[in-house]
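S.K.: Just dropping this structure here.
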Protein chains: 4
Amino acid sequence: MSPRRLKVAVSGLGRMGARHALHFLNRTPRAQLVAAFTPDEKEIAWAKKHLEPWGVTLYMDYDEMLQHEGLEAVVVATVTTVHAEQAIKAIKADKHVLCEKPLSTSVEISQSVVDAARPKPHLKVLCGFSRRFDPSYRDAWSRADSGSIGRPAIFRSQTCDKLDPSGFFVAYAQFSGGIFVDCNIHDIDLALWFFGQDSIVKSVYAVGVTAVQPELRKYGDVDNGVGVVEFWGGKIAYLYSSRMMAAGQHDMTEVIGTEGKITINANPISNLVEMAEPSGIRREIPPHYYGRFEEAFVVEANEFTECCLEDRPLPFKLTGAVQAVKIGCALQESLNSGRKIWFDETGRRVERGML
Amino acid sequence: MSPRRLKVAVSGLGRMGARHALHFLNRTPRAQLVAAFTPDEKEIAWAKKHLEPWGVTLYMDYDEMLQHEGLEAVVVATVTTVHAEQAIKAIKADKHVLCEKPLSTSVEISQSVVDAARPKPHLKVLCGFSRRFDPSYRDAWSRADSGSIGRPAIFRSQTCDKLDPSGFFVAYAQFSGGIFVDCNIHDIDLALWFFGQDSIVKSVYAVGVTAVQPELRKYGDVDNGVGVVEFWGGKIAYLYSSRMMAAGQHDMTEVIGTEGKITINANPISNLVEMAEPSGIRREIPPHYYGRFEEAFVVEANEFTECCLEDRPLPFKLTGAVQAVKIGCALQESLNSGRKIWFDETGRRVERGML
Amino acid sequence: MSPRRLKVAVSGLGRMGARHALHFLNRTPRAQLVAAFTPDEKEIAWAKKHLEPWGVTLYMDYDEMLQHEGLEAVVVATVTTVHAEQAIKAIKADKHVLCEKPLSTSVEISQSVVDAARPKPHLKVLCGFSRRFDPSYRDAWSRADSGSIGRPAIFRSQTCDKLDPSGFFVAYAQFSGGIFVDCNIHDIDLALWFFGQDSIVKSVYAVGVTAVQPELRKYGDVDNGVGVVEFWGGKIAYLYSSRMMAAGQHDMTEVIGTEGKITINANPISNLVEMAEPSGIRREIPPHYYGRFEEAFVVEANEFTECCLEDRPLPFKLTGAVQAVKIGCALQESLNSGRKIWFDETGRRVERGML
Amino acid sequence: MSPRRLKVAVSGLGRMGARHALHFLNRTPRAQLVAAFTPDEKEIAWAKKHLEPWGVTLYMDYDEMLQHEGLEAVVVATVTTVHAEQAIKAIKADKHVLCEKPLSTSVEISQSVVDAARPKPHLKVLCGFSRRFDPSYRDAWSRADSGSIGRPAIFRSQTCDKLDPSGFFVAYAQFSGGIFVDCNIHDIDLALWFFGQDSIVKSVYAVGVTAVQPELRKYGDVDNGVGVVEFWGGKIAYLYSSRMMAAGQHDMTEVIGTEGKITINANPISNLVEMAEPSGIRREIPPHYYGRFEEAFVVEANEFTECCLEDRPLPFKLTGAVQAVKIGCALQESLNSGRKIWFDETGRRVERGML
C-alpha cells in the first residue's frame, strides 16, 4: 500500500480557490483532495466537472464539509471577509488550516485567528503568503541569510497589477482593505522576512493617487500607493503598489545591504522567448500574479501537506500575518489621514510626542 | 470513482529514468506508475524507497515487466544502446511507448523502430524530444507559425553542457554516437520543427576541436563541435555543441526569418534573482539540462498520457526522429572525414558530382 | 577663416572642474577654452600640464580671470559654497554662466542667482543638471512627451553611489547640504521635467538611516535616504539615494503613466561585455557618475556653447534650479525633524491645518 | 602656443568619409583637418558648408590634394575599389595613411599596399578595423588576454545589418567583394585578434541563402551567409552575416575559452531606455553600424593621430588586413563553389590530398 495521504478540503472555488483545489488534486502527491465547499452555483458546476469525477465530495454548506469523514486539513480560499471565521471554525474542528492572505483586513480579527490556534499547537495553521514559497525569493533569502549582502538596511518592494480596464478592482476595493492591505501585504510580509521576523515597526507613512479610477476614493482607496515603513534598528522598507501596469504583473523586490544588493524579478519575463521586430526587441511578461507565482502555490500546497503529515514546523509563524496586517492597515490609515503614524520600541502605537 | 488512469511502466532508473518515474508517479495526474524495470542493484535500492511504497512493482527483467497486468505504456529510459530493442519489444507487446532520444545512434536501427510501429497505428510511439514540450519553444513556434517573423531562413541552435571536470563524458562518448548525435540531435529536431517537418537536407558539414578532453579523439569525438546543415529550399541551420561551458547549461536557439527573429533562451537564468556585488551584477544559470527543461519533461509525461488515453495524435511524428539521427550521424561523419556530405532533393545521399 | 568660437573660462579645477575644462578644450568644437581659475596649487600644477600648453591662461584670482580679454562665458565648478557668489559675479561682469548644480544648498542664495540673472536676459545662465543632456533621459522624455505612456502619475528615481570605504563623503556632508540636496537634487529636477516644470509641490516626507557611516548623523545626514514628494494634481515622486552600492553607481528612473512605463537605466552596464564564469554570468557597471554621464556633460558643454553663440534659449530655465533646491532642502528637513512638510497650491509652505 | 597638431586630409566624403572628416575636424583635438577630396559635386556642396568654413581646403583631384602644403596624413574613405590605389599614392607621397577596410577585395591588391608600406617604416599605415578601437571589444580582449577565460577555442561572431528595403545592397554587391568580404571581414579580423595574430587558417567553408534579395545571386552573393574557419592548433571561428535584421544592426561576438566565455553585444541596445507597454517590454537597438561604433571611430581617429605625432607603433599591423581579406575571399569562393577550401600549416592553399 502506498503511504497515507493528507485528506484536504478546499473552501471557496473562485479564481484562486479553484487553483488551490487543482493543486491539491493533481500536483500534491501526498495530499488527497476529498472535499470542496462553495455557496456559488457556478462554482459548483465547475467542480462537478473538474473535481467530483476524481472523488471529491462537494458541499454547499461549510459546516457540513468540516464534518467530512476523515478530513484533516482545510484550505480557506473564500472572500477575505470570511477568512477568519472559516479558519477559526476549522481550527475548532481540529483541522489543519491553510488560509489565504490576509487573515482579515482587521488587525483584531486577524489576531483572533492566532488566538484560536494557540491552544491547539498540534495543528498547522498557515497564512498563505505565497511568495515565501517562491524559489526565487527563497534563493534570495538564503543568500541574504548567509551574509552575502552584509546587513540588510533598505528594502524596496512592489506589487503591481496589470491594468484591468473593466474596473473590477473598484467594486473589489470595498472589501479588500485597500491597496496597502490587499497588495502590499505581501511586500510587508517579505520585509519582515528579510529584516527578521522580530523587527518592530517604528513609523509608517503613505500617499497615493487615483490615476485611472477616481471612484476608488469613495472607498478610501487609490490605484497607486507609495508607502514608507521605518523599523526600529535602522531599517527602512519602501513600497509601491499599482493597479495600472500596462505590460502585466510586475511584483519585484530589492534588498539592499551594507555589502551588496539582491533583486528578485527586477526584469520580469513570461518565458525565455525574445522577439526581434522592426520596433525593437521585445519580451512579454505575465499578465497576472498567477503567471508569476504558480510554482510558489504548488510548493506551498506540498510543504503544508508535508508539515501536517510529519508534524514538522511550518516555515513561518502565524503571528507574522497579524504584524503584516497591522502595518498594512496603518499605511492605509496614513494614506487617508495624510499623517505619519508612530510606534514605540515595543511596536505600540503612540503619538509622536510620546516617543 | 475517478476516471481511469493510464498504467505506465518505466524502463531504466538511471538519472533520467528516475526522473521519468517520479514525473509519472507524482506529476502526471492521469497516469498511474505501476511498474519499473532496472537491471541495476543500486537503482533497485533507490526504487524500493521511492517507488515501491506507492505501489510500483519493480522488475529486474524487462520482458517480465512487459507482462505486468494491465500495463498500457512503457517509458524507455535505459542506455541508448538498448532503446530500440526495448521500444520494439514494447510495441510488439502492444504497449504505447515513450522512448528517450535518440531511438538509436544508428539510422538503420532507428528506422527499425518506425518499421515496428507502422503496423500498429493504434499505439502511440513517441521519441522524447523534450524541447518540443518546453513552453518557451512552443511559444516561439506558435509565433513563427503565425507568420510573425516572415519566412524562417536561418536557424542557429546550440546545446552546451557545463564543464564536468570528472571527464565523465569521455567514457560516455563510446556509446553516445558523438556530440552531434548526443547533443545537437535536439537542435536538429528543432530545425526540422521550425523549418517544417518535410524539410529535406541538402548538405551537412562539421568541424570540431578537443579543447579540454583530447582523449575524445579515440572515439572519433570532440568537446566542441560546429555543424552546418543546408536544407533544400534556401534554409540553413547552423549548430554548436560544447562540453565546456563554465557557467552552466546553455541551450539556446534563434530563428531568423525575413521579417523578424525569435530567440529562445538567449539569456539563460536559473531563477529571477540578481546579485549586485563589488565585482558587478551577477546571475546564475542552471547547471544541467534538467534545470532548464524540468517543466518540459513533465508536460511531455502529461501529454503522452493524454494522447494514449484519448487516442489523440501525438504532437509530432516518429519518423522525424529518424531524420534527426540521419543528420546527426552525417555531421559526425563529416567531422571525422573532413568532408562535406551531399544529399539530393529526395534526401538521398549522393556524391557531389551527381547533383 | 573658421567661424568664431565662444571664449570660455572654467572656475575650479577639482575633479569635475578639470573634466569641464577638458570638455571645453577638446570636445566642444565651437568653444575655445581661454582661461581657468583655481586657488589650489595642485590643481594649478595639473593645469600647467594639461591646459596651459593649449593656450589657456591660468588664474589664481577669480576676479582677475573675469577680466580676461574677450571672455564670454564662465563655467562655475568650484565647491558648492561659492557657486552662487561666483555665478553672480560672472553675471555682473556680463558673462554667460554654466554653474554646476546646486546653485547653493540654500533656497535663498539659489534665488539670489536667479535675481541677478533676471535683469540680464541676453545672458545664458544654466544650472548644470547634466541628466537633462543625457541621450537616454532625452529619449525617454520625448517618448513621454509624445503621450506614449499616457499621463505620468508616479515617478521613481534614485541616485546611488558606489560605497567609498574611505568615508570621504562624511567630511563632504558638512557642505553638501545633505543627501537629498546633494544626490536627489538630480532626481527632483527630473521629476519637475517629466511632470512639467510648473508642477507645484504639495508635501514632502523623508526618512533615512546611517547603515555604513554613523558619523554622518553629526551633520544631520544619512547614507541612505528615502523621500516622497507629492505634487498638486495627483502626482507622486518617490526617491532613493544611497552611498553604499556595492557594484557601482546606479542612478535610475522610472516614469509610470496611465498607459505605460518608461525606465532609464534600470539595468546599468559599463559596456557591452558579459562574462560567463563558473560563478554565473556577470557584467560590470560604472564605478562613478562620470562613467554614467560623461556623454551628457559633453552634450551640455556643446549646447551651452551653441545657445550662447546663437542666442538661442537654453533647454530649461534657471528658476527650476531653485524649485529643486527648495524640495531637496525640505526633504532634508523632514529627514531630521521626522515630520511631513506641507505646501499650499501656490507652493508656499504651510502648516497642515492651514490647507 | 598650443602643441602642434597633425595635418590630416580625408579622401572621399560619402557617408563614412563625411563622418571621418567631422571626427578629425571636431573630435580629434590633436589633429587638424586641412584638406578633403571628393570627385562628387554633391559631396563638395556638403563640404563647402560643413568643412570649408573651418579652414579645410577642398579638392576634386586626389593627386593635387596630396600636395597640400604641410599635409602629413590621409584618411582614405572612398569606394573600396580605389582604396589601395589611393593608399599607395599617399604612401609614396610620404603621408601616414588610415585606410577604410578592406584595403581591397583582392588579396593581391591588398598585399600591394603592404608592399608599398614596407620600405617606409616611418609611416603609420592603418587599415580601419574600427572594432579594434571599440571600448567593449578592447575590454573583452584585455580580459581574454589576461587568461580569464582560459585558452580561447571557439569564436562566434556576426555582422548583421538592418533590412534595407530599398535593396541598395544589391547594387553595392557588385563591388563589395561579397558578404563575407564586406561584412564578415570584421569578424575575421576579430578572430585573428582574439586567437592571436599569427593564427594560421586551416580550412574555410561557407554557405548562404538569398532570402530577401534573389538578385544578389547574379553577383555571386547572398543576403545571409554562414561561414566556418578552422585554424591550425585547434581553433574554430564560425561566422554569420545578414542583410535582413528586422530590429536593427546586430554585430556581436562570443569568445569561448576552456574556462569561460566573453560576449560582446549579445544584447544590443540603442540607449538605456526601456518601455513597458501593453505588448510587453521593449527596447530599441541601433539601426546602423555607426550607431553601434561611433565611439570606436572617434577613438580610431585619436589614436591614429597620436601614433603619427609621437611615432608610436599602431595597435595592430597592416599585414593582418591581408590575412582577413584572404580568409574572406576564400569564404566567398567556398560559398559559390560549394567546396571546402584547405590550407597547409604555413597558410598556403592546398588540395586536400596534399595535407
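The values are calculated or read from the model by the stated rules, or taken from the named source; none is laboratory data. Because the structure is a prediction, the values reported are computed rather than measured. Here Cβ is always computed from backbone atoms with ideal geometry, including for glycine, and neighbour counts include all displayed protein chains. Ligands, DNA and RNA are stripped out before the accessible areas are found, and what is left, the full protein with its side chains, is counted by its heavy atoms. Shrake-Rupley method; radii C 1.70, N 1.55, O 1.52, S 1.80 Å.
S.K.: Rounded to the nearest 0.05, what FRET efficiency is calculated for D:E295 and A:Q197 with R0 set to 35 Å and r the Cβ-Cβ distance?
M.R.: In this case the efficiency is close to 0.10.
S.K.: A further question follows. Pick out, from A:V255, A:Y219, A:L239, the residue whose Cα sits farthest towards the positive end of the charge dipole of the stretch A:175-328, with +1 on the Cβ of Lys and Arg and -1 on the Cβ of Asp and Glu.
M.R.: Highest projection toward the positive end goes to A:Y219.
S.K.: Tabulate in residue order the Karplus-calculated ³J(HN,Hα) for the stretch D:25-31, using 6.51 cos²θ - 1.76 cosθ + 1.60 with θ = phi - 60°, rounded to whole Hz; enter x for Gly and Pro.
M.R.: Once θ is set to phi - 60°, the couplings for the stretch D:25-31 become 6, 10, 10, 10, x, 8, 10 Hz.
S.K.: Can you send over the carbon and sulfur percentage of the accessible area for the stretch B:286-355, probe radius 1.4 Å, protein chains only? Write down the numbers at each step before the final one.
M.R.: On the way: 1620 of 3230 Å².
That fraction is 50 percent.
S.K.: Between chains D and C, what is the buried accessible area in Å², counting both sides, with a 1.4 Å probe and ligands, DNA and RNA left out, to the nearest 100?
M.R.: 2600
S.K.: Let me ask something else about it. Take every DSSP beta bridge with both residues inside chain B and express the antiparallel ones as a percent of the total, to the nearest 5. Don't skip to the end; give the middle numbers.
M.R.: Details: 33 of 62 bridges.
Counting only bridges with both partners in chain B, antiparallel ones make up about 55 percent.
S.K.: Just to confirm the numbers: B:P135, label point 7 angstrom along the Cα-Cβ line, distances to the other copies in nm, shortest first?
M.R.: Here the equivalent label points are 1.1, 3.7, 3.9 nm apart from this one.
S.K.: For the stretch D:293-355, place one equal point scatterer on every Cα, skip the solvent, and apply the Debye formula. What is log10 of I(q)/I(0) at q = 0.17, 0.29 Å⁻¹?
M.R.: -0.74, -1.21
S.K.: Just to confirm the number: angle between the C-alpha axis of helix A:107-117 and the first principal axis of chain A, 0 to 90 degrees, nearest 10?
M.R.: For helix A:107-117, the angle is close to 40 degrees.
S.K.: Dipole of the stretch A:6-128 (Lys/Arg Cβ +1, Asp/Glu Cβ -1, origin at the Cα centre): which of A:V107, A:V8, A:I88 lies farthest to the positive side?
M.R.: Sorting the options by dipole projection puts first A:V8.
S.K.: What would the Debye formula give as log10 I(q)/I(0) at q = 0.11, 0.14, 0.15, 0.21 Å⁻¹ for the alpha-carbon point model of the stretch C:82-226, no solvent?
M.R.: Relative scattering, expressed as log10 I(q)/I(0), comes to -0.54, -0.85, -0.95, -1.31.
S.K.: A further question follows. What three numbers, in Å, describe the spread of the alpha carbons of chain B along their principal axes, ordered from the longest?
M.R.: Largest first, chain B extends 61, 58, 46 Å along its Cα principal axes.
S.K.: What net charge is computed for the residues neighbouring A:E230, neighbours being all others with C-beta under 10 Å from the C-beta of A:E230, Lys and Arg scored +1, Asp and Glu -1?
M.R.: Details: positive: A:K202, A:K235, A:K340; negative: none.
Residues near A:E230 contribute +3 overall.
S.K.: Separate question: Amide H of A:M244: which non-local residues (sequence gap of 5 or more, or other chain) have their own amide H closer than 5 Å, using H built in the peptide plane?
M.R.: Under 5 Å from the amide H of A:M244 lie the amide H atoms of A:D161, each far enough along the sequence or on another chain.
S.K.: List the trypsin sites (Lys or Arg not before Pro) in the stretch A:272-355 that DSSP assigns to loop (not H, G, I, E or B) and whose Cβ has at most 16 other Cβ atoms within 10 Å. Which are they? Could the numbers behind the result be given before it?
M.R.: Details: sites: A:R282, A:R283, A:R292, A:K317, A:K326, A:R339, A:K340, A:R348, A:R349, A:R352; in loops: A:K317, A:R339, A:K340, A:R348.
Taking the stretch A:272-355 and a limit of 16 other Cβ atoms within 10 Å, the loop trypsin sites (Lys or Arg not before Pro) found are A:K317, A:R339, A:R348.
S.K.: Among the DSSP beta bridges whose two residues both lie in the protein assembly as shown, what percent are antiparallel, rounded to the nearest 5? Before the final figure, lay out each step's value.
M.R.: Values: 155 of 271 bridges.
Bridges in the protein assembly as shown that DSSP calls antiparallel: roughly 55 percent.
S.K.: If you don't mind, there's one more thing I want to ask. So which lysines pass the test for B:K202, namely a Cα distance under 23 Å, with those fewer than 8 places away in the same chain ruled out?
M.R.: B:K235, B:K317, B:K326, B:K340, D:K218, D:K340
S.K.: Over all residues in C:146-158, what is the mean tally of Cβ atoms on other chains that come within 10 Å of each residue's Cβ?
M.R.: Neighbouring Cβ atoms belonging to other protein chains average 3 per residue here.
S.K.: I've got another one for you. Amide H of B:G257 versus every other amide H placed in the peptide plane: which residues, excluding those fewer than 5 positions away on the same chain, fall under 5 Å?
M.R.: Those qualifying (amide H under 5 Å, at least 5 residues apart or on another chain) are B:A153, B:I262.
S.K.: I need the inter-copy label distances for A:Y290: point set 7 Å along Cα to C-beta, values in nm with one decimal, smallest first.
M.R.: The projected label point of A:Y290 is separated from its counterparts by 3.0, 5.2, 5.5 nm.
S.K.: How much length is gained if the chain between B:E64 and B:E310 is pulled fully straight, taking 0.36 nm per residue apart and subtracting their Cα-Cα distance, in nm to one decimal?
M.R.: Difference between extended and current length: 85.9 nm.
S.K.: Turning to a different aspect of this structure: Would you please report the Å³ per residue occupied by the convex hull of the alpha carbon atoms in the stretch C:254-325? Each step should come with its number before you reach the end.
M.R.: Numbers: hull volume 13.1 nm³, N = 72.
Residue-normalised Cα hull volume stands at 182 Å³.
S.K.: Next question, about the same structure. Distance between Cα centroids, the stretch A:33-49 to the stretch D:183-226: provide it in whole Å.
M.R.: Rounded to whole Å, the Cα centres lie 64 Å apart.
S.K.: Can you list, shortest first in nanometers, how far A:G220 lies from the same residue in the other copies, with each label 7 Å from Cα toward Cβ?
M.R.: Shortest to longest, the spacings are 3.6, 7.9, 8.2 nm.
S.K.: May I pose another question? From the P(r) of the stretch B:6-128, could you give the percentage of C-alpha pairs in the tail past 21 Å? Let's see the in-between values first.
M.R.: Details: 2322 of 7503 pairs.
Of all Cα-Cα pairs in the stretch B:6-128, 31 percent lie more than 21 Å apart.
S.K.: Still on this structure, please answer the following. Write down Rg/Rh for the protein assembly as shown, rounded to two decimals, with Rg from the C-alpha atoms and Rh from the Kirkwood relation over Cα pairs.
M.R.: On the way: Rg = 35.0 Å, Rh = 35.2 Å.
That ratio equals 1.00.
S.K.: In addition: Which ³J(HN,Hα) values, rounded to whole Hz and listed in residue order, are derived for the stretch C:66-74 from phi using the Karplus coefficients 6.51, -1.76 and 1.60 in 6.51 cos²θ - 1.76 cosθ + 1.60 with θ = phi - 60°, glycine and proline given as x?
M.R.: 4, 8, 3, 4, x, 4, 10, 8, 10
S.K.: Further question: Sequence gap of 8 or more, or different chains, plus Cα separation below 20 Å: how many lysine pairs satisfy both in the stretch B:6-128?
M.R.: Value for the stretch B:6-128: 15.
S.K.: Moving on to the next point. Ignoring ligands, DNA and RNA, what percent of the accessible area of the stretch D:27-179 is carbon or sulfur (1.4 Å)? Intermediate results must be reported in sequence, preceding the final value.
M.R.: Values: 3430 of 6270 Å².
Looking at the stretch D:27-179 in its full context, I get 55 percent from C and S.
S.K.: Ok, one more. Would you work out the charge dipole size for the stretch B:237-355 about its Cα centre, treating the Cβ of every Lys and Arg as +1 and the Cβ of every Asp and Glu as -1, and quote it to the nearest 20 debye? Display every interim value, and only then the final one.
M.R.: Values: 13 positive and 17 negative charges, 150 e Å.
Approximately 720 debye in magnitude.
S.K.: For the stretch B:6-128, what is the charge dipole size about the Cα centre, in debye to the nearest 20, if Lys and Arg each add +1 at the Cβ and Asp and Glu each add -1 at the Cβ? Don't jump to the answer; show the numbers that get you there.
M.R.: Details: 15 positive and 14 negative charges, 110 e Å.
Here the size comes out at about 520 debye.
S.K.: Calculated from DSSP H runs of 4 or more alone, at -39500 (n - 2.57) each and per residue, what is the 222 nm mean residue ellipticity of chain B, nearest 500?
M.R.: Value at 222 nm, helices only: -11000 deg cm²/dmol.
S.K.: Hey, got the dipole for the protein assembly as shown? About the Cα centre, +1 on K and R Cβ, -1 on D and E Cβ, debye to the nearest 20? Don't skip to the answer; put the middle values down first.
M.R.: Details: 164 positive and 176 negative charges, 0 e Å.
The dipole of the protein assembly as shown has a size of about 0 debye.
S.K.: Same structure, new question: By the scheme Lys and Arg +1, Asp and Glu -1, what is the net charge of all other residues having a beta-carbon under 13 Å from that of B:A206?
M.R.: In short, -2.
S.K.: Taking +1 at the Cβ of each Lys and Arg and -1 at the Cβ of each Asp and Glu, which of A:A144, A:L33, A:F180 sits farthest along the dipole of chain A towards its positive end, judged by Cα position relative to the Cα centre?
M.R.: Looking along the dipole axis, the top candidate is A:A144.
S.K.: Residue-wise, which Karplus ³J(HN,Hα) couplings in Hz belong to the stretch B:203-216, taking 6.51 cos²θ - 1.76 cosθ + 1.60, θ = phi - 60°, and x for glycine or proline?
M.R.: Karplus values, whole Hz, x for Gly and Pro: 7, 9, 8, 8, 9, x, 9, 10, 7, 10, 9, x, 4, 4.
S.K.: Right, next: Non-local amide H neighbours of B:Y59 (under 5 Å, H modeled in plane, Pro and chain starts lacking H): which ones?
M.R.: Residues meeting the criterion, in which the H sits 1.01 Å from N, are B:A36, B:F37, B:T38.
S.K.: Another question about this same structure. Calculated FRET efficiency, A:E108 and A:R151, Cβ-Cβ r, R0 35 Å, to nearest 0.05?
M.R.: Details: r = 34 Å, r/R0 = 0.97.
My answer for the efficiency is 0.55.
S.K.: Also, quick follow-up: For the stretch D:153-263, take the convex hull of the Cα atoms, compute a quarter of its surface area, and give me that in nm², please.
M.R.: 7.1
S.K.: What residue of chain D has the nearest C-beta to the axis that moves D onto C, and what is that distance in Å, given as a whole number?
M.R.: Per the Cβ-to-axis criterion, the result reads D:R27, 3.
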